[in-house]
Amino acid sequence: MSEEFPEPTVVRDRRRIDPETGQLREPAPAAEQPAEAAEPAAAQPVVGGPDDGAADAELEAAQALAAERLEELQRLNAEYVNYRKRVDRDRDVARNAALGSVAEALLPVLDDVHLARQHGDLTGPFSAIADKLEATLGRFGLERYGEPGEPFDPAVHEALMHSHSDEHEVATCVQVLQPGYRFGERVLRPARVAVADPQG
């Protein structure tokens, strides 16, 4: 009966730097390369196997789901932007309406201040208070208008008196009986004027 001996263990030092000298080793000749390095990698999966069809279908389903979620997100974002714009617009409209109502309620006071200033009765500390009141309302957008010599515009003027004159080629405001007030683009009260029409 023959006696079996195990194959001797072969140890190959593949380090590129010699640990004793610290020098770079020359690459081993091709004949000394280990057998496993020379053999092609057989363990790699073969592309195009039977599982590739399922993986492609799963990838397509994931891409379709991602596209659907992206579309939903873009739609929600557009709705949110439109909502913000609508809220901001409504807030501005409500603010302007409230300020316009306050300014309209103060028109009789402003008329009294204007008449007192025209007659020289507005003096002393009352003059400073009136100036501050008008300046504050002006910062919020209240504007007084109406001057003699302006062309008559029925959209912003109210004619209380009519006369004829050769001095004007178009209907002209020759006297402002009560100034008008506008808040932004909104006319709170038209200017009440005397109008001179050209001679026909």
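Please enumerate the residues belonging to region 36-88 that are among the polar types (S, T, N, Q) and modelled with pLDDT under 65. Within region 36-88, Q44 is the sole residue that qualifies.
Considering (1) open to solvent by 70 Å² or more (accessible area, probe 1.4 Å); (2) assigned to a helix (DSSP H, G or I); (3) modelled with pLDDT of 90 or more, the lone condition that V93 does not fulfil carries the number (3). Scanning region 109-130 for residues that are open to solvent by 50 Å² or more (accessible area, probe 1.4 Å) and under 23 Å from E185 (Cα atoms) gives a single hit, V109. Of all residues in region 132-167, those being assigned to a loop (DSSP other than H, G, I, E, B) and either touching an Asp or Glu at 6+ places or on another chain (Cβ under 6 Å) or open to solvent by less than 50 Å² (accessible area, probe 1.4 Å) (or both) number 3. Taken over region 168-200, the criterion of being within 21 Å of H119 (Cα to Cα), buried (at least 18 other Cβ atoms within 10 Å of the Cβ) and among the aliphatic types (A, V, I, L, M) is satisfied by V174, V176, A191, V193.
The values are calculated or read from the model by the stated rules, or taken from the named source; none is laboratory data. On a predicted model such as this, the values are computed, not experimentally measured, just so you know. Virtual Cβ from ideal backbone geometry, glycine too; neighbours counted across all protein chains shown. Only protein heavy atoms, including side chains, enter the accessible area calculation; ligands, DNA and RNA are left aside. Shrake-Rupley method; radii C 1.70, N 1.55, O 1.52, S 1.80 Å.
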